[in-house]
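K.L.:
I am attaching a structure below and will ask some questions about it afterwards.
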Amino acid sequence: MNIHEYQAKELLNQFGIPTPQGKVASTPEEAQQIADSFESSVAVVKAQIHAGGRGKGGGVKVVKDKSEVRTVASQILGMQLVTHQTGPEGKTVSKVLVEQGLAIATELYAGVVLDRNIGMPVLMASSEGGVDIEEVAANTPEKILKEAIDARYGLRPFQARRLAKALGLSGRSLKEASGIFIKLARLCVETDASLVEINPLIVTEEGGVLALDAKFNVDDNALYRHKNIAAYRDLSEEDPKEVEAKKYGLSYISLDGTIGCMVNGAGLAMSTMDIIKLHGSSPANFLDVGGGANQEKVAAAFRIILGDPNVKAILVNIFGGIMKCDVIALGVIEAARELGVGVPLVVRLEGTNVKQGRALLAESGLNIIRANDMTDAAEKVVAAAKGE
């Protein structure tokens, strides 16, 4: 689950990591009131959406005279902000974070992410703050410093100091950055985060170190342990189809193709998408109904797939293990009758009770295209989507 920058900064503050003075606003008037409370005459207005690249898209503005914050906020609030992470449709800005401007001497990068090669979280730091860390990794990988984190003990003080020194820090800045690194590692481990990122981590002209920006992703499977973080969820930032899928325990991700997919098992779902691409088309979604799907789940899956106007055909690809093919066949038949599927429907069944499942489809009287194997299913659904 993603959260907004202002929410991520609340978590940073809870773990003792300093951030600039600021608050979130949903109206230009609120934004101005927040700016008026700052001692500094400089303020920053930042659009709050679940996407990076906001500054490049016009969603972050430095206001040199804080009396102009209302005007700037009115320009950002309500805008359709397009970044490299939103897609061409962009996202509507409904909130802005208004922060006090700071005199920045240096911009650094700090983040914690799971390194699957060693099975441990790793704290990464770089002197190249304020730019995409992917660019740094591609162009100057030697500037990315890493320290593995033992979840039992956290980041050790000597590791934190080693990173801070390698970044060229000294005195007050070295001490404060070392403390932030230790707290950042603890935050990641204790909240079950999959990513915690501060970019940039700034050093002020006075030598103080603060998190100027923050990104936080948490493992959905751990949210039951973190009710406070689950409360941060912003449904308006999520795909409505994905929100609906979660209600029924379906794993769904919207894509930009034309063939809707309903599959059981993540591996088979990935293979299904691959074979659709191999035969010249593209999947409209990833949808795993799981190993214990019932007729209600199947009907919900159909409704979600059909809610995508780009879908030209649907492929149901089921390997019956725990889930029996006859149960899936009944779910498909019932859903097709109830919803009136208006696009070609290709069904491939294999596994437990496959004969009974195929017989039910054949006897249903519905216009269901039956497939014998993966290749046959892919060929038929691609052709059907093209109207062949």
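K.L.:
From the residues in the range 295-313 that are closer than 22 Å to ARG370 by Cβ and out of contact with any Leu (no Cβ under 8 Å at 6 or more places or on another chain), which one is modelled with the lowest pLDDT? First the steps, then the outcome.
P.N.:
Let us first name the residues in the range 295-313 that are closer than 22 Å to ARG370 by Cβ, namely 295, 297-299, 301-302, 305-306, 311-313.
Next cut, out of contact with any Leu (no Cβ under 8 Å at 6 or more places or on another chain) only: 298, 311-312.
Values: VAL298: 83, VAL311: 94, LYS312: 95.
In this case the residue turns out to be VAL298.
K.L.:
Then there's this: Among the helices (runs of 4 or more DSSP H) confined wholly to the range 312-388, which include 2 or more residues that are under 18 Å from CYS261 (Cα atoms), of a type in the set (A, V, I, L, M) and out of contact with any helix residue (DSSP H, G or I) (no Cβ under 8 Å at 6 or more places or on another chain)? Walk me through it before giving the result.
P.N.:
Numbers: elements: 325-339, 354-363, 374-385.
So the answer is 374-385.
K.L.:
I'd like to check something: does the range 278-286 contain any residue that is touching a helix residue (DSSP H, G or I) at 6+ places or on another chain (Cβ under 9 Å), hydroxyl-bearing (Ser, Thr, Tyr) and surrounded by fewer than 23 Cβ atoms within 10 Å (Cβ to Cβ)?
P.N.:
Filtering the range 278-286 down to residues touching a helix residue (DSSP H, G or I) at 6+ places or on another chain (Cβ under 9 Å) leaves 278-286.
Filter once more, keeping what is hydroxyl-bearing (Ser, Thr, Tyr): 281-282.
Cutting the leftovers down to surrounded by fewer than 23 Cβ atoms within 10 Å (Cβ to Cβ) gives us 281-282.
The answer is yes; a qualifying residue exists.
K.L.:
Note down all Cβ pairs under 7 Å where the first residue falls in the range 4-18 and is in a helix (DSSP H, G or I), the second is buried (at least 17 other Cβ atoms within 10 Å of the Cβ) and charged (D, E, K, R), and they're at least six residues apart or on different chains.
P.N.:
GLU5/LYS46; GLU5/ASP213; ALA8/LYS215
K.L.:
For the range 91-131, what are the residues that are surrounded by fewer than 15 Cβ atoms within 10 Å (Cβ to Cβ) and under 20 Å from VAL203 (Cα atoms)? Steps first, answer last, please.
P.N.:
Step one: of the range 91-131, the residues surrounded by fewer than 15 Cβ atoms within 10 Å (Cβ to Cβ) are 92, 94, 103, 105, 115-120, 131.
If the condition is that a residue be surrounded by fewer than 15 Cβ atoms within 10 Å (Cβ to Cβ) and under 20 Å from VAL203 (Cα atoms), then ALA103, ALA105, VAL131 are the ones that fit.
K.L.:
What are the residue pairs meeting all of these: first residue in the range 176-200, first residue closer than 19 Å to LYS227 by Cβ, second residue small (Gly, Ala, Ser) and assigned to a helix (DSSP H, G or I), Cβ atoms under 7 Å, and 6 or more apart or on different chains?
P.N.:
ASP192/ALA222
K.L.:
Something else: Could you tell me whether ILE322 is at pLDDT below 90 and surrounded by fewer than 17 Cβ atoms within 10 Å (Cβ to Cβ)?
P.N.:
Values: at pLDDT below 90: yes; surrounded by fewer than 17 Cβ atoms within 10 Å (Cβ to Cβ): yes.
Answer is yes for this residue.
K.L.:
OK, next. When you go through (1) of a type in the set (A, V, I, L, M, F, W, C); (2) assigned to a helix (DSSP H, G or I); (3) out of contact with any Lys or Arg (no Cβ under 7 Å at 6 or more places or on another chain) one by one for ILE34, which number turns out not to apply?
P.N.:
(3)
K.L.:
Could you identify the single residue in TYR252, TYR224 that is without any contact (Cβ under 8 Å) to a residue 12 or more places away in the chain and either of a type in the set (Ser, Thr, Tyr) or under 17 Å from ALA336 (Cβ atoms) (or both)?
P.N.:
Values: TYR252 fails: without any contact (Cβ under 8 Å) to a residue 12 or more places away in the chain.
Of the residues listed, the single one that is without any contact (Cβ under 8 Å) to a residue 12 or more places away in the chain and either of a type in the set (Ser, Thr, Tyr) or under 17 Å from ALA336 (Cβ atoms) (or both) is TYR224.
K.L.:
For the subset of the range 141-196 comprising residues that are in a helix (DSSP H, G or I) and of a type in the set (Val, Ile, Thr), which member is surrounded by the most Cβ atoms within 10 Å (Cβ to Cβ)?
P.N.:
Initially, the range 141-196 is screened for residues in a helix (DSSP H, G or I), giving 141-143, 157-166, 171-190.
Next, only the ones that are of a type in the set (Val, Ile, Thr) stay: 180, 182, 189.
Working: ILE180: 24, ILE182: 22, VAL189: 18.
Looking at the filtered set, the residue picked out is ILE180.
K.L.:
Show me the helices (runs of 4 or more DSSP H) found entirely inside the range 208-283 where at least 1 residues are of a type outside the set (Val, Ile, Thr) and modelled with pLDDT under 90. Please lay out each step first, then the result.
P.N.:
On the way: elements: 227-230, 240-247, 266-278.
Answer list for the range 208-283: 240-247, 266-278.
K.L.:
Could you figure out which of (1) surrounded by fewer than 22 Cβ atoms within 10 Å (Cβ to Cβ); (2) closer than 27 Å to LEU223 by Cα isn't true of ALA8?
P.N.:
Status for ALA8: all satisfied but (1).
The values are calculated or read from the model by the stated rules, or taken from the named source; none is laboratory data. Model, not experiment: these values are computed from the prediction. Note that we place each Cβ from the backbone using ideal geometry, even for glycine, and neighbour counts take in every protein chain shown.
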